[in-house]
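Note sheet for the following structure.
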Amino acid sequence: MTPILSAQGISRHFGSITALSPSDLDVAPGEVVVLIGPSGSGKSTLLRCLNLLEPPDSGEIRFRDQCITEQGVNLDQVRRSIGMVFQQFNLYPHMTALGNVTLALRRVHRLSREDARTRGMAALEEVGLAKQHDAHPGNLSGGQQQRVGIARALALDPDIMLFDEPTSALDPELVGEVLSVMRRLRDRKMTMVIVTHEMGFARDVADRVVFMNEGAIIEQGPPETLFTAPTQPRTREFLSRLM
Ligand code: ADP
Ligand code: MG
C-alpha cells in the first residue's frame, strides 16, 4: 500500500548531540505505529520531525503526494493534517474546554464562530466530553484535560495523529480513559504514531512496534513478534528490564 506518510533519511542534531540518526519511517493509511525505547533514544525527536515541529537536518518527508520538507510549505496546513497530542496537555487555563478546542479553528483556520463551535462540539463528543464543554481545565481531571487535548487535534480533522507519551503525566487511575479514547480512534481507522511506555496497550493496538535506541531505529515488527521474539540484543535487554 502507498504510505500516507514517508520519511526517508531524516536526522536531527542539537549541537554535538545526535538526537536522531538518518532514519526511515513509512506509515500506511489506517496503520497504528507505536514507538518504544529508553528515555533519550530519540522517540520525541522523530515524532516532532514528522510534523515539522523540529525541522529535520537531512532527509525528506512525503505526506500524501507532497514533499513537506521543501521550502515554502504551508506549516499551518501540515500541522492541521498531522495532528499532535503532547504529554503536557498545554491547555489555556482561562478558556473553556470548547474554547481550547476551537482556538486554532478560529485564529489559524479562520472558521466562523458557528462552524468552529459545531466542529469543536463534535470533537468533544468523540472523546466523551460534550457535557463538559463549558468547564475550565482547572475543573477537569488530568484524564479529561488530556481528552480535551485529543479533541483539539481531532477538531482540525487530521489525516494522521501523533501522540507523544499522552498518559505519562497522568495518575495511574486516569490512564485508562485516555487509552480507551485512542482505542476508539484506532477502531475508526485513524492513522496514528504513538510514543508510549504502556506496553500492554502497545501490544493491543499496534499494527507495528518500532524500537529505538540512541537515536536510531533498531528493530521493528508486529507486536506479537517484537515483544515475544526480538532479534536484536538491545531490544531484548530493553524489554527484559520492563518485565
Ligand atoms: P526520547 O523522546 O526518546 O526520550 P528525545 O527525542 O527527547 O528522546 O531526545 C533525544 C536526545 O536529544 C536526548 O539526548 C535529548 O537530550 C536530546 N534533545 C532533544 N531535544 C533537545 C533540544 N531541544 N535541545 C537539546 N537536546 C535535545
Ligand atoms: Mg520523549
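Yes or no: M95 part of a loop (DSSP other than H, G, I, E, B), out of contact with any strand residue (DSSP E or B) (no Cβ under 6 Å at 6 or more places or on another chain), modelled with pLDDT of 95 or more and more than 16 Å from ligand 2 (Cβ to nearest atom)? Considered against the rule, which asks whether it is part of a loop (DSSP other than H, G, I, E, B), out of contact with any strand residue (DSSP E or B) (no Cβ under 6 Å at 6 or more places or on another chain), modelled with pLDDT of 95 or more and more than 16 Å from ligand 2 (Cβ to nearest atom), M95 comes out as yes. Just wondering, is there one or more residues in region 84-93 that are farther than 17 Å from L162 by Cβ and buried (at least 20 other Cβ atoms within 10 Å of the Cβ)? Looking for residues that are farther than 17 Å from L162 by Cβ and buried (at least 20 other Cβ atoms within 10 Å of the Cβ), one finds at least one in region 84-93, hence yes. Residues that are in contact with a helix residue (DSSP H, G or I) (Cβ under 7 Å, 6 or more places away or on another chain), hydrophobic (A, V, I, L, M, F, W, C) and in contact (Cβ under 8 Å) with a residue 40 or more places away in the chain are absent from region 66-76.
When we screen L50, L98 for residues that are surrounded by 16 or more Cβ atoms within 10 Å (Cβ to Cβ) and within 16 Å of ligand 1 (Cβ to nearest atom), the only hit is L50.
Within region 37-81, the set of residues being out of contact with any strand residue (DSSP E or B) (no Cβ under 6 Å at 6 or more places or on another chain), part of a loop (DSSP other than H, G, I, E, B) and closer than 30 Å to Q232 by Cβ comprises P38, S39, G40, L52, L53, P55.
Scan L179, L174, L154, L162 and give me the residue that is aliphatic (A, V, I, L, M), open to solvent by less than 10 Å² (accessible area, probe 1.4 Å) and either within 14 Å of the chain's Cα centre (by Cα) or more than 16 Å from ligand 2 (Cβ to nearest atom) (or both). Step through it out loud before you land on a result.
Numbers: L179 fails: open to solvent by less than 10 Å² (accessible area, probe 1.4 Å); L174 fails: open to solvent by less than 10 Å² (accessible area, probe 1.4 Å); L154 fails: open to solvent by less than 10 Å² (accessible area, probe 1.4 Å).
Unique residue meeting the criteria: L162.
The residues of region 186-196 that are in contact with a helix residue (DSSP H, G or I) (Cβ under 8 Å, 6 or more places away or on another chain) and in a loop (DSSP other than H, G, I, E, B) amount to a single one, T196.
Looking at G42, G9, G15, which is the one that is within 13 Å of ligand 1 (Cβ to nearest atom) and more than 17 Å from the chain's Cα centre (by Cα)?
That would be G15, the only listed residue that is within 13 Å of ligand 1 (Cβ to nearest atom) and more than 17 Å from the chain's Cα centre (by Cα).
Take the conditions (1) in a loop (DSSP other than H, G, I, E, B); (2) more than 9 Å from ligand 1 (Cβ to nearest atom); (3) at pLDDT 95 or above; P22 misses just one of them, which is (1).
Filter region 138-168 down to the residues that are closer than 24 Å to A104 by Cα and part of a loop (DSSP other than H, G, I, E, B) and list them by number. L140, S141, A155, L156, D157, P158, D159, E165, P166, T167 - these are the residues of region 138-168 that are closer than 24 Å to A104 by Cα and part of a loop (DSSP other than H, G, I, E, B). Within the option set F238, F227, F201, F211, being assigned to a helix (DSSP H, G or I) and within 19 Å of the chain's Cα centre (by Cα) holds for one residue only, F201. Residue count for region 101-138 satisfying the condition of being open to solvent by 60 Å² or more (accessible area, probe 1.4 Å) and without any contact (Cβ under 8 Å) to a residue 12 or more places away in the chain: 9. Answer with yes or no whether M190 is buried (at least 21 other Cβ atoms within 10 Å of the Cβ) and either in contact with a strand residue (DSSP E or B) (Cβ under 7 Å, 6 or more places away or on another chain) or over 30 Å from F14 (Cα atoms) (or both). Judged against the criteria, M190 is not a match. For region 1-44, the set of residues classified as under 24 Å from L75 (Cβ atoms), open to solvent by 20 Å² or more (accessible area, probe 1.4 Å) and within 16 Å of ligand 2 (Cβ to nearest atom) consists of R12, F14, S44, listed by residue number.
The values are calculated or read from the model by the stated rules, or taken from the named source; none is laboratory data. Keep in mind that what you see is a predicted model, and the values were worked out from it rather than measured. Here the Cβ is made from the backbone with ideal geometry for all residues, glycine too, and neighbour counts use every protein chain on show. To get the accessible areas, we keep the full protein, side chains included, count just its heavy atoms, and leave off ligands, DNA and RNA. Shrake-Rupley method; radii C 1.70, N 1.55, O 1.52, S 1.80 Å.
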